[in-house]
Amino acid sequence: MKKLVLPDAIRALGGDFTFGVATSSFQIEGARELRLDCIWDTFCEQQDTILDQSNGDTACDHYSLWEQDLSMLIELGVDAYRFSIAWPRVVGKDGTLNEVGIQFYENILNFLKQHGKQAFITLYHWDLPQHLEDEGGWLSRDTAYAFADYVGLVVNRLGDQADAYITLNEPFCSGYLGYEIGVHAPGQKNQKAGRQANHILLLAHGLAMQKIRQHAPSVPAGIVLNIHPSYPDSASSADQRAAQMASDYLFHWYLTPILTGSYPALLENLPCDVQPEVVTGDMDIISGKIDFLGLNYYTRAVYRSTNDGWFEEVERNDYPKTEMGWEITPHAFTDLLIGLHQRYVLPPIYITENGAAMADQLESGKVVDVQRIDYFQTHLNALADAIEAGVDIRGYFAWSLMDNFEWALGYSKRFGVVYVDYVTQDRILKDSALAYRDMLYSRS
Ligand code: IFM
């Protein structure tokens, strides 16, 4: 079996570097009948939204199988588990805590604690309660305050049972993919809606941070952003400018306000009728201190200039690709981390997701996913290069613990280090899980 080798720069950090695996509620839990509906339930019911017409009703049935799943995680020897709490499972329409729902997550936390594992809790991984979408969703300021109320209830209850709180996972996906280009729930296609949703999401993040500080002041808290670093299609100044604009519009749009209290200058170039409605005081709330920044990295993206001076993505085939059609570009990972380090005063960074969908084959009870092991190895090496260059990186979470519902692509893409048979709900550790485990045990 192909092995994973822990790079020296990471080994040298010893216990100061956390290794984990990550999941999210809607993608694995199932048990829809025990929670309120969310926007992804509704989106899945619409025509032509999900590649295989599937949904999250059962998913990996993690709601029933959580103990078995966490036992697998313990076997892997990770230090931490990053998972999300489903807002529609823990809060009723009346805004009160649902005891059965919160108990599910308390059981997980107790299990992790008994086994000496850390819990990184994501408070929003895209499952907005549908009744809030009906009232305006992420276009309405009320949703930001409803989110803060939900976070207040949860953090008041769980307090320092968590080792880290994450307000939002990838607001780019909720705001841009969900409201601007409509490929994610709730499926709106409107530039103004996208920019507005981004702003409300950032406001929700800032308000939620205040609640976390109030109820769990000693627990580190932050946000998770996804980033696909932007490269120009050619050396022309137009393409270089296009790549820069794409980067500002799709990534720095989230990070710059959080770290500096203002949007990228590109905001001024947008027509007034698509700019978000920013109320006095919002940017102060958004830029409250975070203790860490979570980054999810998978691939790069290439852009060229359009005739109207905007940018468009170009499909390139310069490197091997994963099953998502994403180029495998570990060098871009290093460049990205060093570039951010040079541009901003950054808090400590966790890589909260990194991984690859591959064409896994289950044969004789084994999944020999050499390409996924290679992907992890090259990206851990790239991370080590960034650490050696002085970037303060504190941890790495493989996406994902197990195969799961890959949003608009349904169950057609497998990102797990554990294979899930969706008919029997059997779990099989892929070779990548065994390689990850062996690498983690090699630390002691
Ligand atoms: O599966 C998703 C996850 O929910 C968020 N980050 C990217 C992953 C792979 O697409």
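The values are calculated or read from the model by the stated rules, or taken from the named source; none is laboratory data. Every value quoted in this text rests on a predicted model; they were computed, and no experiment measured them. Glycine also receives a Cβ, built like all others from the backbone with ideal geometry; neighbour counts cover every protein chain displayed. What goes into the accessible areas is simple: the full protein's heavy atoms, side chains included, and nothing from ligands, DNA or RNA. Shrake-Rupley method; radii C 1.70, N 1.55, O 1.52, S 1.80 Å.
Structure notes:
- Accessible area of the stretch 1-54 belonging to carbon and sulfur atoms, whole % at 1.4 Å probe: 49 percent
- Karplus-derived 3J(HN,Hα), 6.51/-1.76/1.60, for each residue of the stretch 104-116, Hz, glycine and proline x: 4, 6, 5, 4, 4, 4, 4, 4, 4, 4, 4, 9, x
- Put simply, the stretch 317-360 fits an ellipsoid with semi-axes of 26, 13, 6 Å; these come from the alpha carbon gyration tensor as the roots of five times its eigenvalues, largest first.
- Å³ per residue enclosed by the Cα convex hull of the stretch 360-399: 65 Å³
- Cα centroid separation, the stretch 249-285 to the stretch 146-222 (Å): 16 Å
- The Rg/Rh ratio for the chain is 0.94, where Rg is the radius of gyration of the alpha carbons and Rh is the Kirkwood radius.
- For the stretch 143-204, the spread of Cα positions along the three principal axes, ordered from largest to smallest, is 40, 19, 15 Å.
- Cα centre as origin, Lys/Arg/Asp/Glu Cβ charges: the chain dipole, Debye: 980 debye
- Residues whose placed amide H lies under 5 Å from that of V302, excluding near-sequence neighbours: Y231, V314
- Cα pair count fraction exceeding 21 Å, expressed as % - the stretch 7-79: 46 percent
- Solvent-accessible ranking of M1, M439, largest area first, probe 1.4 Å: M1, M439
- Nonlocal Lys pairs with alpha-carbon distance under 26 Å, the chain (8 or more apart, or different chains): 22
- If you wrap the tightest convex hull around every Cα atom of the stretch 312-444 and split its volume per residue, you get 142 Å³.
- Compactness ratio for the stretch 196-318: Cα radius of gyration over 2.2 N^0.38 Å (N = residue count) comes to 1.21.
- Surface composition of the stretch 92-149: carbon and sulfur make up 47 percent of the accessible area, probe 1.4 Å.
- The length gained by stretching the chain between L34 and D421 to full extension, at 0.36 nm per residue less their Cα-Cα distance, is 137.0 nm.
- The stretch 201-335 - percent of accessible surface contributed by carbon and sulfur, probe 1.4 Å: 49 percent
- Ordering V368, Q114, W310 by Cα displacement along the dipole of the chain toward the positive end leaves Q114 in first place; charges were set at the Cβ atoms of Lys, Arg (+1) and Asp, Glu (-1).
- Positive-pole candidate from P320, I50, A386, dipole of the chain, charges at beta carbon: A386
- Over the stretch 212-343, relative contact order from alpha-carbon pairs under 8 Å, at least 6 apart, %: 31 percent
- Sorted from greatest to least, the principal axis extents spanned by the alpha carbons of the stretch 46-132 come out as 43, 35, 20 Å.
- Sequence-separation-based contact order of the stretch 7-152, relative, with Cα cut under 8 Å and 6+ spacing, percent: 29 percent
- Computed from label points 7 Å out along Cα-Cβ, the spacing between K366 and D48 is 4.4 nm.
- Within the chain, helix-based [θ] at 222 nm, where runs of 4 or more DSSP H residues each add -39,500 (n - 2.57), nearest 500: -11500 deg cm²/dmol
- Protein heavy-atom accessible surface, 1.4 Å probe, per residue over the stretch 327-434: 33 Å².
- Shape category assigned to the stretch 287-327 from the gyration tensor of Cα positions, a/c cut at 1.5: oblate
- If you look at the Cα atoms of the stretch 243-308, you get an Rg and a Dmax of 13.9, 42 Å.
- Across the stretch 254-384, the fraction of Cα-Cα pairs farther apart than 18 Å, rounded to a whole number, is 68%.
- Accessible surface calculations at 1.4 Å, restricted to protein heavy atoms, place the stretch 90-137 at 39 Å² per residue.
- Ranking of E323, E353 by solvent-accessible surface, largest first: E323, E353 (1.4 Å probe, protein heavy atoms only, all chains present).
- Contour excess over end-to-end distance, with Cα ends at D8 and S234 and 0.36 nm allotted per residue: 77.8 nm
- Enclosing the Cα atoms of the stretch 171-247 in their convex hull gives a volume equal to 116 cubic angstrom per residue.
- Cα centroid separation, the stretch 363-388 to the stretch 54-93: 24 Å.
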